[in-house]
1. For K274 and N100, calculate 0.36 nm times their separation in residues minus their Cα-Cα distance, and state this gained length in nm to one decimal.
2. Label-point separation (nm) for D190 and A361, each offset 7 Å from Cα along Cα-to-Cβ?
3. Could you tell me which GluC sites (Glu not before Pro) in segment 294-339 are loop residues by DSSP with no more than 15 other beta carbons within 10 angstrom of their beta carbon?
4. Just want the ordering: L398, L481, from fewest to most Cβ atoms lying within 10 Å of their own Cβ.
5. To the nearest 20 debye, what charge dipole does the chain have about its Cα centre, counting +1 at the Cβ of each Lys and Arg and -1 at the Cβ of each Asp and Glu?
6. At a 10 Å Cβ-Cβ cut-off, how would you order T402, T203, fewest neighbours first?
7. What length, rounded to one decimal in nm, is gained on full extension from D240 through to N475, with 0.36 nm per residue of separation minus their alpha-carbon distance?
8. Loop only per DSSP, at most 10 neighbouring Cβ atoms within 10 Å: give me the trypsin sites (Lys or Arg not before Pro) in segment 470-520, ordered by residue number.
Amino acid sequence: MPEISNFQPLNCLWLLIAGLTCLSMTPQQNNVEKSPNVIIINADDVGYGDVGVYGATLINTPNIDRLATEGRKFTDFHSASAVCSPSRYALLTGEYPFRNQLTRPLFLKDSLVIDTAQTTIASIMKDAGYKTAVIGKWHLGFGKKSPVNWNEPLKPGPLELGFDYYFGVPVLNSHPPFVYVENHEVVDFDPEDPFVYEKHAETRWFPEKWKYNDIGGAREAHQRYDDRMTGTTLKNKAVDFITGNKSRKFFLYFAPTNIHHPFTPAPRFIGISKAGRYGDYMHELDWMVGEIMAVLEREGIAENTLLIFTSDNGGMLNHGGQDAYGKGHKMNSNLLGFKFDSWEGGHRVPFIARWPGQIPAETKSSQLLGNTDILSTLAAIIGEKLAPGQAADSYNMLPALTGEPKDPIRDHLLVHSSETDNVAFRKGDWVYISGKGGGGFGPRKEDQSAFGGPEALLFAGQQNSDITEGEIRGNAPPAQLYNLKEDISQSYNLYEEQPQIIKEMKDSLEKIRSSGQTRN
């Protein structure tokens, strides 16, 4: 007997009378049928000023710019942390990382930081019938115990958090092990040649100015990893996933290593920008975005795909960043500070979304939003209702994607620096920072890879009333307050002039930090 699906109940009654079988569809199935494919490109260390549509002039990003032309760019979007691993935790879980005591980057010995029972963007999409994958930089740990045993299956990991497939760089491109991992296994791992801690590795990794002796052995696995080809390898895997799942709904979390140091694009990108190796690596990233856009168009699925481009935190004043700054490129535009800082430069990042027919083209939004909000937004798109305790700090930003809401979607936002006692708390136009300085690197010197702190502001020619000649004034206030509408560059600390606002902001911050959930 023939079967006909996707009919309404009344139509089904007539079909049954006619002797045909009607397949009923659950509301969730119907929502998935109508919902788009979803791709999130979460770039590494791309600052607010690294993209053409956000003001870059020495770096060309025609593909990312095209996304903004065909969709919507956001001008007040933030990572929940100015640090990579905590920021990625926030995006995947919809939860502020401080709730998991996560404020630092994770490295090769660290176990999985996300509880496998926790709701993630992958688990809600998989439960709704999507094919799910994470391709690229993971940086959230593996296994249950530390130190990680790299000679055994790396589980739990991404597959235990809702992803059907994983391929990528397990930690990051500047820290070992310099290998690829696919699902639970190190690619090309030979048990006869195991990983050995505290041993120098024979790698094809391109060192910037240092060498690691943290883990060695596993020569074949290490030789598979060619840093100059990492961008191309990850892009190819992403394209393969898209083409292999074009006939069904899919969710792809694509996390390139670009543009994290040590700036190793494929040879054909070397020397093509006006911002040195930093700009070259950004050009390769833009090419990767263009390749993903091209495969969507080639397979005829661009019209029904929500494509998001964003970054895990602000730009970093590393060796390549210092070179770029010297050439006139300001990776965080006119925002104060850099990666790891609670100042705006540490966490205000690009966010562009394209969804043809749903998101108006060539538009922008000034809504205050953060990367914790992506989970609730995807849940709304697929018709999934989140229970209390799930995605505790995630707000549904779908109205700001597809419309023009008059009221703020969220009235506050909390962002951590790399210091636990230095937090940026945003409320309306005001931002309160709970400590002195940016809370990031410091004191570090010029020509160090992790250049930061007050001295970095001196190098960059940035002004702040608490800092003189690269040092925090001895009589500087204990905390900071800025009105971003009037002072987007955070040049003047209003702490001593606005005691009532300071009190209100401190009280609100403590209430949120002590509560289990902020989502409405």
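Any read-out appearing in this document is the output of simple, stated calculations on the displayed coordinates, not a laboratory observation. Predicted model, so just to flag it, every value in this text is computed and none were measured. We place every Cβ from the backbone using ideal geometry, glycine too, and count neighbours over all the protein chains shown.
1. Values: separation 174, 0.36 × 174 = 62.64 nm, distance 4.12 nm.
Length gained, K274 through N100: 58.5 nm.
2. 5.4 nm
3. Numbers: sites: E297, E299, E303; in loops: E299.
In loop regions of segment 294-339 (DSSP not H, G, I, E or B), the sparsely surrounded GluC sites (Glu not before Pro) are E299.
4. On the way: L398 19, L481 22.
By the 10 Å Cβ count, ascending: L398, L481.
5. Working: 51 positive and 63 negative charges, 94 e Å.
Computed about the Cα centre, the dipole is about 460 debye.
6. On the way: T402 16, T203 23.
In order of increasing Cβ crowding within 10 Å: T402, T203.
7. On the way: separation 235, 0.36 × 235 = 84.60 nm, distance 5.78 nm.
Here the answer is 78.8 nm.
8. Details: sites: R473, K485, K503, K506, K511, R513, R519; in loops: R473, K485, R519.
Listed in order of number, the matching sites are K485.
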